[in-house]
1. Tilt of helix 84-93 relative to the longest C-alpha principal axis of the chain, in degrees (0 to 90, nearest 10)?
2. Over the C-alpha atoms of the range 98-277, what are the Rg and the largest Cα-to-Cα span, Dmax, in Å?
3. Could you work out which residue, out of Asp177, Asp233, Asp300, moves most in a Gaussian network model of the chain, that is, has the largest mean-square fluctuation with Cα springs under 10 Å?
4. State, as an integer percentage, the relative contact order of the range 235-300 based on alpha-carbon contacts under 8 Å between residues 6 or more apart.
5. From the square roots a ≥ b ≥ c of the eigenvalues of the alpha-carbon gyration tensor of the range 182-315, which class results: rounded (a/c under 1.5), prolate (a/b over b/c), or oblate?
6. Pull up the cross-link candidates among the lysines for Lys92, meaning alpha carbon to alpha carbon under 23 Å and not fewer than 8 places away within one chain.
7. What is the packing order of peptides 262-273, 126-137, taking the mean over residues of other C-beta atoms within 10 Å and listing the highest first?
8. With a 10 Å cut-off between alpha carbons and a GNM built on the chain, which of Ile125, Ile31, Ile165 moves the most?
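Every number in this text was worked out from the coordinates using simple rules, so none of it is lab data. If you're wondering where the values come from, they're calculated on a predicted model, not measured in any experiment. Virtual Cβ from ideal backbone geometry, glycine too; neighbours counted across all protein chains shown.
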Amino acid sequence: MIKNLIFLFIIILNLLFYLFYKEENINEVKIIIKPGMQLNQISTALKENGLIKNEFFFKTWVMINNSQKQLKFGEYYFNKKISLNIILDKLKEGKSLYRKLTIIEGSTKSDLVKIFNELDSNTRISFDDIPNSLVADTYFYKVSDDAQAILRNIIKTSNEISTKIWNERNEKIPLNDIHELFILASIVEKETFIKEEKPIISGVFYNRFKKNMKLQSDPTVVYAITMGKKKMDRKLLRKDLKIKSKFNTYVNKGLPPEPICMPGIESLIAASKPSKSNYLYFVSKNKKNEGHLFSEKYKDHLENIKSVKKRLKNE
């Protein structure tokens, strides 16, 4: 009798191992468990994606482990070896995949609204929902997150990044708060994409502040025309520099009232820690990777402009 029981016990153990613990090799599989899905629906999804062979055995294992209410929704990635137990553990732990949302440096709030509306057509994000002080960076979210949840995380992370940069700033810079830091950084962002130039251009603007000069930044004029809601489809004209707008730094002294784009971390750091120089002027070399020519005196600036125009004419 005892031998029979031992034999039966061994058979049961082997059966349990075979059904629930035996690992199988699989190719890469991604599966989405949507909010509100019940055990039957989850089992069907697993079978349709080739992760389990029998829905009954999976549901049985879930119930044996009293895990019906512990399965978490999300996007899951399975590869190499799986078993019913491995699948159950992953769904219980909620170790789902994260997706990336990248805000490109120099993007506007309108650009971000478009991204959100393509990402989540059910939750509408408007222009006014997006704060002025967001950092252009890469953010992570889960497939189950709606646009509002993603935006909240971007705002939270941006605040953490910008607060750290502000706290580590050169305290001699004449800015009153993080909001002003974002404004100057947004102008730097639009003036150059070259990392090494950003602190230099930031320093030029601070030098202009000291001499009570206007910033005279072309990107602020572009923003005055487009308000960040469309791309500028033509070159700036001389008459554009006289446009009456609170964003036009050729007309007004000091900073515009709001950022003209979303700056990246490098531009924020450059605005918080400008390079020391006597430069007051700079002009683009008009080639993508060549950057700018800098000068201390206006007459030298005019000469730089002439040399750039001459070179372009001869090319």
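1. Once rounded, one gets 40 degrees.
2. Rg and Dmax of the range 98-277, Cα atoms, are 16.6, 53 Å.
3. Highest fluctuation of the listed residues: Asp233.
4. Working: 45 pairs, mean separation 11.1, N = 66.
Relative contact order comes out at 17 percent.
5. On the way: a/c = 1.34, a/b = 1.10, b/c = 1.21.
Rounded is the answer for the range 182-315, as its axis ratio a/c remains below 1.5.
6. Correct list for Lys92: Lys22, Lys30, Lys34, Lys47, Lys53, Lys59, Lys69, Lys72, Lys80, Lys81, Lys142.
7. Numbers: 262-273: 24.9, 126-137: 17.1.
Packing order, densest peptide first, comes out as 262-273, 126-137.
8. Ile31
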